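For reference, the structure is listed below as structure tokens.
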Amino acid sequence: MTAENRIECLIRAAERLTGGRVCIYCQHEPARSLVSVHRRIHYHPWCRIAIDLERDRCILCDTKHATDEAMRLAAAPYELQQPFIKYCHAGVCEAVVPVRDASGKTQAVVFVGQCRVIPGELSREKLRELVSLGYSETEVISAWDKLNVTDETILSDTALLLAYGIEQVITSYTPETKPDDYVSAAREYICRNLLESDNLVRSTAGHIGVSVEYLGRIFKRSTGMTVSKYITNLRIERACILLANTGDSIESIAYASGYSDPSYFSRAFRRNTGMTPGDYRRMPRV
């Protein structure tokens, strides 16, 4: 399971426990890479309606007040750290807590809730304001009714568990190797094992931990040639050096260039240079 999937599983578990929603404001990498984009906004139906009512107030509440408070909490020792409970202008309650990495740097701010703590009716004043924005009464009331009713303790405890779980994922996270890194590792392995005659392409893929097919795709995209062609070019280049600078037999040079079959070596050499190994050796040198 990838780090992204592990975090998503933790978020879903928190939502099942509270009956609410989770939002994560990411501050730095790797949190930004590990948290799905749709998790970075308040996406409960009620929040999407309420933000149209007082967008500036929502933004100030979440990105300024709540984040600042989370940063203050992050500076406190773990044993003293408790989520703080936030109530917004639209009647939503959330527990907010920071997520830190191994160095203590705040990676993200977790909001757990988008719930109602006290059951109640939607005020007629709020309903009229939202209807004036173009929403129907049915839409507004339906979104309000979808806010789960819970209590502050459940939200607080769940937020702490979720933050701790995400911290563990981030702490143990190792960035995925980039395709170019695989290509570099493949080229290095090929150069070291050029004389290996038994399927060097497959052993290269196995050494760097990818499939032959995936290696083929990224290698071609990076170098403009297939892995096999790259290996052949290196072997023929080596053979040319040996032909020009030694008196070894063509059979010996074939073996010394990574070919187990001298006849196949001769065909490959001619296909790549336009001449036989013997003709190449007889060429005048400056």
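Bear in mind these aren't lab numbers, they're just calculated from the coordinates by the rules spelled out. These figures come from a predicted structure and were not determined experimentally. FYI the Cβ positions are ideal-geometry reconstructions off the backbone, even for glycines, and counts take in every protein chain you see.
Key figures for this structure:
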| read-out | value |
| --- | --- |
| Cα-based equivalent ellipsoid, segment 171-286: semi-axes from gyration tensor eigenvalues, Å | 33, 13, 12 |
| Average silhouette area of segment 1-56, convex hull of alpha-carbon atoms, in square nanometres | 4.5 |
| Intensity falloff of the chain expressed as log10 I(q)/I(0), Debye formula with alpha-carbon point scatterers, at q = 0.12, 0.15 Å⁻¹ | -0.80, -1.05 |
| The chain: antiparallel DSSP beta bridges as a percent of all, rounded to 5 | 95 |
| Estimated [θ] at 222 nm from DSSP helical runs (n ≥ 4, -39500 (n - 2.57)) normalised by residues in the chain, nearest 500 | -17000 deg cm²/dmol |
| Spin-label model distance (nm) - residue 146 vs residue 193, 7 Å beyond Cα toward Cβ | 5.4 |
| FRET efficiency estimate (nearest 0.05) - Cβ-Cβ, residue 276 to residue 203, R0 30 angstrom | 0.55 |
| Ranked list, fewest to most other Cβ atoms within 10 Å of each Cβ, for 87, 280 | 87, 280 |
| Two-site label geometry, residue 32 and residue 214: point separation in nm, points 7 Å out along Cα→Cβ | 2.5 |
| Net charge over other residues, Cβ less than 11 angstrom from the Cβ of residue 93 (K, R count +1; D, E count -1) | -1 |
| Inter-probe distance in nm under a simple model that places probes 7 Å from Cα toward Cβ, at residue 260 and residue 137 | 8.4 |
| Relative contact order for segment 179-282, counting Cα pairs under 8 Å that sit 6 or more residues apart, in percent | 24 |
| Aspartates and glutamates with Cα under 18 Å of residue 220, excluding same-chain neighbours fewer than 8 positions away | 180, 181, 188 |
